[in-house]
Amino acid sequence: MRYVSTRGEAPGLAFDEVLLAGLAPDGGLYVPEAWPRFSRSDIRALRGLGYAELATRVMAPYLGGAVGGDDIAAMAAESYAGFGHPAVAPLKQLAADHWLMELFHGPTLSFKDYALQLVGRLFDHVLRRRGRRMTIVGATSGDTGSAAIEACRDRAAMDVFILHPEGRVSEVQRRQMTTVAAANVHNIAITGTFDDCQDLVKGLFADTGFRARYGLGAVNSINWARIMAQIAYYFAAAVALGAPDRRFTFAVPTGNFGNVFAAYAARRMGLGIDRLVIGSNTNDILTRVITEGRMETRPVTPTLSPSMDIQISSNFERLLFDLYGRDGRRLARAMARFRRDGGLGLGDARWRRLTRLFAGHRLDDGQTTAAIGRLYAETGELLDPHSIIGVEAGAACRGAGTGPLVSVATAHPAKFPEAVEAATGVRPALPDRLADLWERDEHCHVLGNDLAALKDHIAGQLAGGAAA
Ligand SMILES: *Cc1c(COP(=O)(O)O)cnc(C)c1O
């Protein structure tokens with residue numbers, strides 16, 4: 001299995017190279033050169049497997065020998081062993097033929113753990129085999145930072161530095177990052193905004209000398225390995241509900257288009273998916289692409305579902321690559337126009353192909369709160385403001401689909417207790433394994449919005465670690 005860039009210029013790479021590279025040098029994203037196919041009997045053979053074993057089989061064709069079969073099996077087993085539910089991605093029935101797939105049983109209570117727990121181990125495995133070290137740096141406004149820290153903690157070949165805007169992440173989110181006591185985990189609170197944090201990270205990567213010296217890397221959502229790991233839970237849900245003998249609709253609350261793209265990949269692999277429903281908050285660029293055939297950015301509005309407050313969904317480029325007939329140079333020209341004009345029309349033929357599979361639905365904050373309250377009254381289920389958008393979008397757009405609707409719950413309600421309490425009057429409790437979050441010691445350095453100071457800090461921390 002080789003990987004090619006969506007912009008058509010970068011040379012093809014093997015899985016382990018794509019893992020470490022992240023973004024392609026031509027500015028594109030890596031995608032498999034061809035989609036692997038599972039036959040009906042391959043899919044039937046997944047029935048009854050535990051989650052880690054099923055995930056291992058789904059991921060195997062993407063590794064192409066770059067990571068050994070026993071190694072990936074061991075990493076998957078270890079990744080999901082610590083999850084808070086034996087089914088790992090359990091299904092709960094909400095209504096006749098409407099199911100909720102709960103993806104919040106990992107260490108930091110969002111679906112990002114399902115990929116990052118594995119990706120952290122993959123990085124460590126590949127780096128150690130090459131005798132290399134890497135310094136992961138990232139900026140977070142919430143969920144990604146804690147999931148990345150949990151993925152990298154105590155891994156021998158990696159250090160991780162996560163920047164968050166001081167005083168601008170929720171207390172649960174901050175404590176999930178700062179209470180991790182591991183020598184290779186470094187939290188930095190920047191006196192500034194999330195955009196300042198992102199600019200600082202970009203500044204670090206732009207300094208090629210610094211970047212090479214400390215082996216800077218990222219585990220952001222454009223990394224192919226994250227998508228690959230997420231494909232597994234779509235197979236798991238469908239097989240549990242009768243695949244390959246039934247067809248499915250999945251509804252996914254969407255920001256960067258990574259999660260729902262994994263569902264698209266599952267379909268390309270042969271899973272019977274009739275429809276993919278995208279749930280948006282007020283930042284509804286994706287819903288507008290689907291309903292209007294035109295991709296157009298607008299300023300980001302803060303909402304109750306901050307992890308979806310995005311106006312450029314980077315992973316959408318992977319779908320565009322297929323819509324543009326896998327012609328990377330043509331897509332590169334279209335993306336250049338999009339960047340220049342802030343808008344891009346898909347053209348009628350591509351738009352029709354998009355809407356044959358995808359539907360989109362948008363909820364503003366008022367509708368989100370009302371829907372959380374309504375679901376609680378009807379079923380007793382407490383959902384967070386991201387997950388409810390998937391559930392509502394799925395119910396609104398399932399259309400005349402024949403098979404079950406599966407809505408994806410992306411965060412535990414206790415990650416967003418204020419919004420859930422405002423909607424239902426009930427304050428969701430943290431799971432027992434996190435109940436002492438409020439008592440744990442915090443580890444964090446506060447720095448100004450100053451690139452030179454940040455570089456000094458990172459250099460100092462890494463020198464200290466090496467000496468210890
Ligand atoms: C990251 C995140 C999303 C958005 O997922 P994408 O893969 O970026 O579309 C949705 N909900 C929650 C809770 C998240 O953390």
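The values are calculated or read from the model by the stated rules, or taken from the named source; none is laboratory data. Everything quoted here is computed from the prediction, not taken from an experiment. Here the Cβ is made from the backbone with ideal geometry for all residues, glycine too, and neighbour counts use every protein chain on show.
Across the range 304-317, the qualifying residues are those that are more than 10 Å from the ligand (Cβ to nearest atom) and of a type in the set (A, V, I, L, M), and the one among them that is surrounded by the most Cβ atoms within 10 Å (Cβ to Cβ) is L304.
When T208, T249 are screened for being modelled with pLDDT under 95 and of a type in the set (S, T, Y), only T208 passes.
Scanning for something surrounded by fewer than 17 Cβ atoms within 10 Å (Cβ to Cβ), within 20 Å of the chain's Cα centre (by Cα) and touching a residue at least 40 places away in the same chain (Cβ under 8 Å), does the range 243-258 turn up at least one residue?
Taking the range 243-258 and keeping what is surrounded by fewer than 17 Cβ atoms within 10 Å (Cβ to Cβ), we get 245-246.
If we keep only those that are within 20 Å of the chain's Cα centre (by Cα) as well, we get none.
No, that holds for no residue.
Looking only at residues that are away from the ligand (no atom under 14 Å from the Cβ) and under 20 Å from S110 (Cα atoms) in the range 377-390, which one is nearest to the chain's Cα centre (by Cα)? Here the answer is L382. Only one entry of L122, L127, L116, L163 meets the criterion of being more than 12 Å from the ligand (Cβ to nearest atom) and either under 24 Å from D199 (Cβ atoms) or not aliphatic (A, V, I, L, M) (or both), and that entry is L163. Looking at (1) at pLDDT 95 or above; (2) in contact with a Pro (Cβ under 7 Å, 6 or more places away or on another chain), which is the only condition S141 fails? S141 satisfies all of (1) at pLDDT 95 or above; (2) in contact with a Pro (Cβ under 7 Å, 6 or more places away or on another chain) except (1). Here the range 130-156 is the region considered, the condition is being of a type outside the set (V, I, T) and out of contact with any Gly (no Cβ under 9 Å at 6 or more places or on another chain), and the residue that is nearest to the ligand (Cβ to nearest atom) is D143. Within the range 54-70, the set of residues being in contact with a helix residue (DSSP H, G or I) (Cβ under 6 Å, 6 or more places away or on another chain) and in a helix (DSSP H, G or I) comprises L54, A55, T56, V58, M59, Y62, L63.
For first residues located in the range 412-439 and without any contact (Cβ under 8 Å) to a residue 40 or more places away in the chain, partners that are acidic (D, E) and lie 6+ apart or on another chain with Cβ distances below 8 Å form the pairs P413/D384; R427/E421.
Going by what's in this entry, would A400 be described as away from the ligand (no atom under 14 Å from the Cβ) and either part of a helix (DSSP H, G or I) or modelled with pLDDT of 95 or more (or both)? In short, no. When the residues of the range 92-112 are filtered to those that are among the small types (G, A, S) and part of a strand (DSSP E or B), the one that is nearest to the ligand (Cβ to nearest atom) is S110. The residues on offer are T287, T301, T291, and the sole one that is buried (at least 17 other Cβ atoms within 10 Å of the Cβ) and closer than 29 Å to K112 by Cβ is T287. Within the range 241-264, the set of residues being in a strand (DSSP E or B) and more than 16 Å from the ligand (Cβ to nearest atom) comprises F248, T249.
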